Amino acid sequence: MDSDSRPELHSWRERRDRTLDEYRSAARDKRHSKGYRTARENVADLTDEGSFQEYGQLAVAAQRSRRDYEELQSSTAADGIITGTCTINREQLGEKNSRAIIIVNDYAVLAGTQGFFHHKKLDRMCELARELRLPVVMYTEGGGGRPGDTDVTTQIAGLNIDSFHTWAALGGQVPRIAVNNGYCFAGNAALFGCADFTIATRNSWIGMAGPAMITGGGLGDFHPTEIGPIEVQEKNGVVDIVADDEAHATALARQLLSYFQGPATQWSARPQEALREMIPEDRRWAYPVRQVIETLADEGSFLELQRIYGRSIITGFLRMEGRPVALIANDCQQMGGAVDAESARKAARFLRICNAFDLPLLSLTDTPGFMVGPASEEQAAVRHMGDLFLAGAAMRVPIVAIFLRKGYGLGAMAMTGGSFVRPVYAASWPTGEFGGMGLEGAVRLGFSKELEAVQDAAEREALFDKLVSQAYEAGKATEAAAHLELDAVIDPAETRAVILRALAAAGKR
């Protein structure tokens, strides 16, 4: 007897097919009309071909008591959440390193809302991630909790679910990447905000409540596009990376995940000699530090996080000879590279994540120190700058510090784990300059009487310049190294090799 003629097999295939895009063509076409993809199209793009193993595909919304069961099988396919195991980046990083879990909320099912079986599937994946130590990529589009699951008669508020706890409890255990396109409100936004890394498309609106909840709370009527637009959520640091669309977001998720999956075997690097000319001869001029980063990194490997939030510190990931490395760097084109409260908060969170997942840290330091003044204190500078020291002190992974130019005061120390002796190797380019505070400020403070004693403005300015020049000579990189405050002064063109040797010495090849 032909197995295809078996009635139970035929029945199962019909049942399974009701969950697929081919059967749910109206829902698929509606997504496409908006320029969006279906949940299953995102699954197919994210995962390696043939690797996805689905869990709970036949679930439906707990609404059998109010709706036709066969209709539920297609209109509430998988209860609005596609879950399973897979590999991602298998070709580049190998089968073992590429194993992952994916959770994809399906907005085409009841606006991606979270129902009874939806939560059970989410919990199952979180438990597997914890047990198998697998990273998770979650697509979060959806409208939050669902009030219409009438089959559930043993709950009042439904707040005794585990999903938010199990997802949050994975923090520091496995890497979690959240990806969003479209509306992400209430419970879906809570999941998005708990992730280690967040990617969102330009067509994203993310908020802890949707329009109905806001109106119900007596706070006014708002259109969904007025709540947490991407312009707001990128500027305030909620979104780590902004993507053009779902295809771009998926590519970014693959790249971001790869840094936690291990070394790549294929890489290339730019000529390093260009580094010798990247710092201007005039120490007062700024320069684009991202050019330094892109030159040091394997070509195409640098991925920046939170580019327009906490802008005076750059955070991100890169590879060196295929080895994943975390990066913090001062951007002297933003407030001269001073570490303010916002950038300190950004960097502290980044350090904790890198430490949890055993990624070595490269610090490219060029800072006049912490941002000071009354306005800085209004931003809770003491707390956030102190937190950067706490995060640095907790680091158990190797830190390599390269001073490009300025290394002044507490801010420079905070950039290197809390002390210049904390890094496994601390080296400076010949352009390095060091001191307890910026040279100009130190001269004004330390020589105030001498400067005030000079009546002629031109003579006073000449004396000031002379004292600054003397302070620079006393604090330049070679002198700091001669006093063993640094491990070395290096040729900029040798920086990449120096970093790799330091990591190798620390057992990070």
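The values are calculated or read from the model by the stated rules, or taken from the named source; none is laboratory data. Predicted model only: the values in this text are computed from it and were never measured. Cβ: placed from backbone, ideal geometry, glycine included. Neighbour counts: every protein chain shown.
Summary of values
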quantity: Filter pass, Val60 being buried (at least 19 other Cβ atoms within 10 Å of the Cβ) and part of a loop (DSSP other than H, G, I, E, B); calculated: yes
quantity: Qualifying residues in region 376-395 (those that are free of Cβ contacts under 8 Å to residues at least 40 places away in the same chain and more than 14 Å from Val339 (Cα to Cα)) - the one nearest to the chain's Cα centre (by Cα); calculated: Ala393
quantity: Filtered residues of region 194-216 (kept if of a type in the set (Gly, Ala, Ser) and under 18 Å from Cys354 (Cβ atoms)); calculated: Ala195
quantity: Selection count, region 497-509, where residues are modelled with pLDDT of 90 or more and either buried (at least 16 other Cβ atoms within 10 Å of the Cβ) or touching a strand residue (DSSP E or B) at 6+ places or on another chain (Cβ under 6 Å) (or both); calculated: 6
quantity: Unique residue being at negative phi and buried (at least 23 other Cβ atoms within 10 Å of the Cβ) when the list is Ala393, Ala401; calculated: Ala401
quantity: Among the residues listed as Ala286, Ala274, Ala269, the single one being in contact with a Cys (Cβ under 9 Å, 6 or more places away or on another chain), surrounded by fewer than 22 Cβ atoms within 10 Å (Cβ to Cβ) and farther than 30 Å from Cys86 by Cα; calculated: Ala286
quantity: Residue that is touching a residue at least 60 places away in the same chain (Cβ under 8 Å) and not basic (Lys, Arg), where the choices are Ala39, Ala44, Ala26; calculated: Ala39
quantity: Odd one out for Arg176 among (1) basic (Lys, Arg); (2) at pLDDT 95 or above; (3) surrounded by 18 or more Cβ atoms within 10 Å (Cβ to Cβ); (4) over 17 Å from the mean Cα position of the chain (by Cα); calculated: (4)
quantity: Residue among Leu364, Leu327 that alone is part of a strand (DSSP E or B) and within 16 Å of the chain's Cα centre (by Cα); calculated: Leu327
quantity: Count of residues meeting criterion [assigned to a helix (DSSP H, G or I) and touching a Leu at 6+ places or on another chain (Cβ under 9 Å)] in region 477-493; calculated: 4
quantity: Among (1) of a type in the set (A, V, I, L, M, F, W, C); (2) part of a helix (DSSP H, G or I); (3) surrounded by fewer than 21 Cβ atoms within 10 Å (Cβ to Cβ); (4) modelled with pLDDT under 95, the one test that Val372 misses; calculated: (2)
quantity: So Gly310, is it small (Gly, Ala, Ser), within 26 Å of Ile279 (Cβ to Cβ) and at pLDDT 95 or above; calculated: yes
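Conditions tested, residue by residue: (1) touching a Gly at 6+ places or on another chain (Cβ under 9 Å); (2) modelled with pLDDT of 95 or more; (3) outside the structural domain of Ala329 (by TED's automatic domain parsing); (4) farther than 28 Å from Pro360 by Cα.
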site	(1), (2), (3), (4)
Arg396	no, yes, no, no
Ile399	yes, yes, no, no
Thr416	yes, yes, no, no
Tyr425	no, yes, no, no
Phe447	no, no, yes, yes
Ala453	no, no, yes, yes
Ala480	yes, no, no, no
Thr495	no, yes, no, no
